[in-house]
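**Q** Okay, handing you the structure first.
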Amino acid sequence: MNADNFLAVQFQGHRPHLKAVAYRMLGSLTDAEDAVQEAWLRLARADADDIDNLAGWLTTVVGRVCLDMLRARKARREEPIEDRLPDPVVSRETGTDPEQQALLADSVGLALLVVLESLTPAERLAFVLHDMFGLPFEQIAPIVDRTPVAAKKLASRARQRVRGATPSPDPDLTGQRRVVDAFLTAARGGDFDALLAILDPDVVLRADGGVLNGGMKIIRGAAAVAGQLATFQRMATTSHTRPALINGIAGLVNTVDDRLISVMSFTVADGSLAAIDILSDPDRLARLDLTNLQS
């Protein structure tokens, strides 16, 4: 095996980790893949003999690339990323592949990714690399062009904004699924009281139908979310609903005549629905990889 092939094999071994970093930074699977590819191009141009710690070097490069991409988003001021749901990672409830396991580690649900979108690019990088991946601030500081002390303050500010902004999902997937099944039963039966009973008083519903359908709509509070019963009932009675993991928590994949119409993620906290996230943007649904749902 020549040096180039050996380097490619080494890079492939780090790819799941790098994509997991980029996904948490960018909230977009396509952009995450682009960031990982850019890291490979930079590695191919670098002198590998000068790299003592390939994993650390690649993580730093991906961090820099993602930081540049986040700053470019802010500068373009096109579709605000915080006005849409992050890309969901859809998989079966058992048997995810190693790359999906890396993407889903630490239960990085859609609700948490939405909160991360509200951070500044530098705050997000410091929080993701330190709190989620354990990188020391001495390694993070040069990426954000700050001292280690300043980088630590960035992560601290981010942590304060994240803490309490979204509830932590109950760890028991079976319990999560029971609540989602109760949601489906209430929706199919048009049972307002049953639906209201499983909603947290502060539940948040985020529904992203895409730019052409008005972008993301946010509804807060149990009564207001239960008021969407007619929409839930139409979904539950006219589509084929299939249980799935959405970013590691209980969710549903809904199809009509084998055409994907929506993906739903349910954050179950303390036995109640604390958040419901629905992606029904046709363009983004068409790009989702659902191969992991196949038996």
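The values are calculated or read from the model by the stated rules, or taken from the named source; none is laboratory data. The shown structure was predicted, so the numbers you read here are calculated from the model rather than taken from an experiment. Reconstructed Cβ throughout: ideal geometry from the backbone, glycine too, with neighbour counts over all protein chains shown.
**Q** When segment 220-252 is examined, which residues are found to be of a type in the set (Val, Ile, Thr) and over 20 Å from the mean Cα position of the chain (by Cα)?
**A** VAL225, THR231, THR237, THR238, THR241
**Q** Taking the conditions exactly as written (surrounded by fewer than 18 Cβ atoms within 10 Å (Cβ to Cβ), of a type in the set (A, V, I, L, M, F, W, C) and either at pLDDT below 95 or in contact with a strand residue (DSSP E or B) (Cβ under 9 Å, 6 or more places away or on another chain) (or both)), does ALA207 satisfy them or not?
**A** no
**Q** Could you tell me whether segment 177-184 includes any residue that is at negative phi, crowded, with 21+ Cβ neighbours inside 10 Å, aromatic (Phe, Trp, Tyr) and touching a helix residue (DSSP H, G or I) at 6+ places or on another chain (Cβ under 9 Å)?
**A** yes
**Q** Continuing with this model, one more query. Do we find that ASP83 is assigned by TED's automatic domain parsing to the domain that holds GLN10, without any contact (Cβ under 8 Å) to a residue 12 or more places away in the chain and exposed (fewer than 13 other Cβ atoms within 10 Å of the Cβ) in this structure?
**A** Details: assigned by TED's automatic domain parsing to the domain that holds GLN10: yes; without any contact (Cβ under 8 Å) to a residue 12 or more places away in the chain: no; exposed (fewer than 13 other Cβ atoms within 10 Å of the Cβ): yes.
No.
**Q** Something else now. If you take the residues of segment 214-227 that are surrounded by 18 or more Cβ atoms within 10 Å (Cβ to Cβ) and modelled with pLDDT of 95 or more, which of them is farthest from ALA274 (Cα to Cα)?
**A** Ranking the candidates gives ALA226 first.
For every residue, the table says whether it meets (1) modelled with pLDDT of 95 or more; (2) closer than 21 Å to GLU93 by Cβ; (3) surrounded by 13 or more Cβ atoms within 10 Å (Cβ to Cβ).
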position: LEU245; (1), (2), (3): no, yes, yes
position: GLY248; (1), (2), (3): no, yes, yes
position: ASP257; (1), (2), (3): no, no, no
position: SER265; (1), (2), (3): yes, yes, yes
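**Q** Taking the residues in segment 4-49 that are of a type in the set (Asp, Glu) and part of a helix (DSSP H, G or I) as candidates, determine which candidate is surrounded by the most Cβ atoms within 10 Å (Cβ to Cβ).
**A** Ranking the qualifying residues of segment 4-49, first place goes to ASP31.
**Q** If you don't mind, there's one more thing I want to ask. Out of (1) surrounded by fewer than 18 Cβ atoms within 10 Å (Cβ to Cβ); (2) over 16 Å from SER265 (Cβ atoms); (3) touching a residue at least 24 places away in the same chain (Cβ under 8 Å); (4) not hydrophobic (A, V, I, L, M, F, W, C), the odd one out for HIS130 is which?
**A** (1)
**Q** Here is a check on your reading of the model: is ASP181 of a type in the set (D, E, K, R), out of contact with any Gly (no Cβ under 7 Å at 6 or more places or on another chain) and without any contact (Cβ under 8 Å) to a residue 12 or more places away in the chain?
**A** yes
**Q** Now for a different question. Which residues, taken from segment 132-168, are assigned to a helix (DSSP H, G or I), of a type in the set (Gly, Ala, Ser) and out of contact with any Leu (no Cβ under 7 Å at 6 or more places or on another chain)? Quick ask: steps written out before the conclusion?
**A** First pass over segment 132-168, keeping only residues assigned to a helix (DSSP H, G or I): 132, 137-144, 148-162.
Still in the list and also of a type in the set (Gly, Ala, Ser): 141, 150-151, 155-156, 158.
Answer for segment 132-168, where residues must be assigned to a helix (DSSP H, G or I), of a type in the set (Gly, Ala, Ser) and out of contact with any Leu (no Cβ under 7 Å at 6 or more places or on another chain): ALA141, ALA150, ALA151, ALA155, SER156.
**Q** Every residue in segment 228-243 that is surrounded by 15 or more Cβ atoms within 10 Å (Cβ to Cβ) and of a type in the set (Gly, Ala, Ser), please.
**A** The answer is ALA236, SER239.
**Q** Based on what the data block shows, is PRO171 in a loop (DSSP other than H, G, I, E, B), within 14 Å of THR267 (Cβ to Cβ), modelled with pLDDT under 95 and out of contact with any strand residue (DSSP E or B) (no Cβ under 8 Å at 6 or more places or on another chain)? It would help to see each step written out before you state the result.
**A** Numbers: in a loop (DSSP other than H, G, I, E, B): yes; within 14 Å of THR267 (Cβ to Cβ): yes; modelled with pLDDT under 95: yes; out of contact with any strand residue (DSSP E or B) (no Cβ under 8 Å at 6 or more places or on another chain): yes.
Judged against the criteria, PRO171 is a match.
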